[in-house]
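The structure appears right after this line, and notes come after that.
The values are calculated or read from the model by the stated rules, or taken from the named source; none is laboratory data. In this text the structure is predicted, and so the values were computed from the model without any measurement. In this analysis, Cβ positions are derived from the backbone assuming ideal geometry, glycine residues included, and neighbour counts consider all displayed protein chains. Please note that ligands, DNA and RNA were not included when accessible areas were found on the heavy atoms of the full protein model with its side chains. Shrake-Rupley method; radii C 1.70, N 1.55, O 1.52, S 1.80 Å.
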Amino acid sequence: MATKSQPSTELDALELSDRSKDTYLPTTDVNGQDTPQLPQTDYRYDEEAAANGRYRKYPNGVVGLAKRGMDVLVEHGVEERGIEPRPEDHRDTLTIWSYLPQTTLWAAFNFNILSFSEGVIGPALFGLNWRASAACIILFTLASGIPVAYCATNGPKTGMRQMVQARYGLGYFPAMIFGLINCATMIGFMSLTAILAGQCLSLASNSTMSYNVGIVIAALIALILSFVGLKALHIVSLTAFPIMIVVFIALTGISGSKLHLAVAQAAYDATGVSASGVLGYGASLIGFTITYSALASDFTTSLPAHTPRLPLFLCVYLGLTIPIISITLLGAACQLATYSIVSWAEASEVGVPNLIFEITGSGGGARFVMVLFCLSVVANTAPTIYSAGLSGQVAIPFLVKVPRYFLAVIVTAIYLPIAIVGASSFYVALENFSAVLSYWTALYIPPTLIEPMLFRNPVGRKTYPVEIWNKIGKLPIGLACICSSICGIPIIAASMSQSWWVGWIARRITAGYGDVAFELGATVVTLVYLPVRYLERKYTGR
C-alpha cells in the first residue's frame, strides 16, 4: 500500500494545506466532450517571499539555523550587499532631501573629539603658533577635501564601491594591495577613536570605569550600527550632527573668555614657525583628510545614476571640510591657551578628553558632555567599520561570499584589542599614524583621479562596464600602477621625516627636518602614471 508523501519544504506544506480549498470545474475538449475535472485553488506563489528567503530550503543543524537567522535579519532591514555593484532599480529615488544624509554623514564623521585632537598636536607636537597652525589647518584641509568629494560623486555614476572603482585604474591585483592598506588605515583610525571614547566614558563615570571598559562599550555601540547598514548610519548621523554642533558651540562659549590666551606671550614664547613644523603638520593634516577618498563613494551608491555631480560634490565637500577646520582650529586654540593656564596644561598632559573635561568645569555637566563626546566618536567609528569590511572584500576576494554585516564583527574583533593596547600612548600614535597615512595615499590618489578624469571620462556604465567588475582577464593589468609606485616609493622614503626615519631630502629642509613625502611622491606618481597608462590602454585594450 502506498504511503502518503510528506511535504519536504515549507512551500510543499503550504500547498498541501491549501488542498482543502480546491474546487473542481468541469472542462470540455474541442469536440464538446467532458474531460477529467481540473482543480482550481486560491493558493498563489508569493515570489517576493521566496526571494526574501521565507520559502528557502535550509540545511539541518546549526548551519541551517544560522542561515535562517541571517535571512530574517536581511528581511527586517539589515543591509547584506557588499562590494557587488548596485543595480539602478535597487537605488533610492532622488529628491532634494537625498543630499541631506550625505552632508550630515560627513559632518558627523568629523564633528568629534578626534578632530579636536588633530588641532591640539599642531602646537603640542610641531611647536607651531596660532597663525601657523591656523594657516596649515585651513589650507591643507581645503586642498585635501577636493579628491574626497570628487570620488564621492562617482558612486552614483557607476554604482560601485570606492575600492571596486579603483580596479579599473590600478588593476585587479594592485587594488587588492591598496584595499589591504586601506583596511589597515581604517583599523588604525578606529583604534584612535575608540581610545578617545574610552577616555570620555571613564571621565563621565568619575573615573570609576576604566579606559578599557569604555573602549569596549563604544566599540559595541558602533558595531551594532554598522551591522545594520547604511540606513542606520544615516539615522545616527542625523541624530549626532545637531547634538555635536550644540556641544561644540557650548564648549567654545565656555572657553571663549580664555581663548585670547592663544596669542598671549606665554604661547608666543613656547611656539613659533618653522619649515619643518609646517611641513610636518601639513603631512599630518593631509593624512587626516585625504584618506577618506579611499571610501568616499561607499556611501553614495544608493543614489541614482542621474544624480547631478555639483550638488553632491558641494554637500560632501562642505560636510567634510567645515567640521574639520572649525573643530581643529578650536583644538589648536585651546592647546595654545594651556601655556597660560596651569590646570589646562596639566589636563592636556594626560589627554585630550581630560583637557575638555577641565575646560567644561569637571562637574556633573562636564560628565554629561563626555557622554556626548563618546556619541560623536561612535558616529565616526560606525561608518568606518562599514567601509573597512568592503575594502576587506576587495583585498581578500573570497570574502565576497561572507555577508557584509558579518564582516563588521570581524573588523571590530581586530581593532578593539589594538585600541586597548595603544590607550596609554595616544598622542604619539596620532602623530605617527596620521602622517604615515599621507605616504600611501601619494601612490593611490593620482591614479584614482587621473583614470576617471582623463581615461574614462565621462564616468558611467559605459566607461566603467559593470559586467567586468570582478573579471581579472578584462580589468587593467596594472602596469601603470606598478611602474608609478616603483618610482614613487623611493621618493617618498627620501622625503619623509619621522622619529624612526628621516630621508635625505627631508634632512635638507631649512631649520630642521621637513616632511614633503606626499607632495613629491604624488608628483612623481602622476608624471609616471600618465604615459604608462596611455601605453597600457593602447597595447592591451584594457
**Asked** Since residue 464 meets every condition but one in (1) part of a helix (DSSP H, G or I); (2) hydroxyl-bearing (Ser, Thr, Tyr); (3) crowded, with 17+ Cβ neighbours inside 10 Å, which condition does it not meet?
**Response** (1)
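Every residue, every condition in (1) part of a helix (DSSP H, G or I); (2) not hydroxyl-bearing (Ser, Thr, Tyr), yes or no:
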site	(1), (2)
92	no, yes
103	yes, no
108	yes, yes
120	yes, yes
135	yes, yes
**Request:** Mind listing just one residue for me: the one in region 485-530 that is of a type in the set (S, T, N, Q) and not in a helix (DSSP H, G or I) and, of those, farthest from residue 438 (Cα to Cα)?
**Result:** 510
**Prompt:** Of the residues that sit in region 250-267 and are of a type in the set (A, V, I, L, M) and under 13 Å from residue 356 (Cα atoms), which one is most open to solvent (accessible area, probe 1.4 Å)?
**Reply:** 254
**Asked** Which helices (runs of 4 or more DSSP H) sit wholly inside region 261-368 and have at least 2 residues that are among the β-branched types (Val, Ile, Thr)?
**Response** 275-290, 309-337, 342-350, 352-359
**Message:** I want to confirm something. Restricting to region 463-512 and keeping residues that are basic (Lys, Arg) and modelled with pLDDT of 90 or more, which single residue is farthest from residue 83 (Cα to Cα)?
**Reply:** 474
**Asked** Out of all the residues in region 509-518, is one or more within 24 Å of residue 153 (Cα to Cα), charged (D, E, K, R) and either open to solvent by less than 30 Å² (accessible area, probe 1.4 Å) or touching a Leu at 6+ places or on another chain (Cβ under 6 Å) (or both)?
**Response** no
**Request:** Would you check which residues across region 341-375 are at pLDDT 85 or above, open to solvent by less than 50 Å² (accessible area, probe 1.4 Å) and closer than 23 Å to residue 126 by Cβ and list them?
**Result:** 341, 344, 345, 347, 348, 352, 353, 354, 355, 356, 359
**Prompt:** Assuming residue 337 fulfils every condition listed in (1) modelled with pLDDT of 90 or more; (2) closer than 30 Å to residue 102 by Cβ; (3) in contact with a Leu (Cβ under 7 Å, 6 or more places away or on another chain); (4) of a type outside the set (D, E, K, R) apart from one, which condition is it?
**Reply:** (2)
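Could you tell me whether residue 489 is more than 13 Å from residue 446 (Cβ to Cβ), touching a residue at least 60 places away in the same chain (Cβ under 8 Å) and either of a type outside the set (D, E, K, R) or out of contact with any helix residue (DSSP H, G or I) (no Cβ under 8 Å at 6 or more places or on another chain) (or both)?
So residue 489 fails the test.
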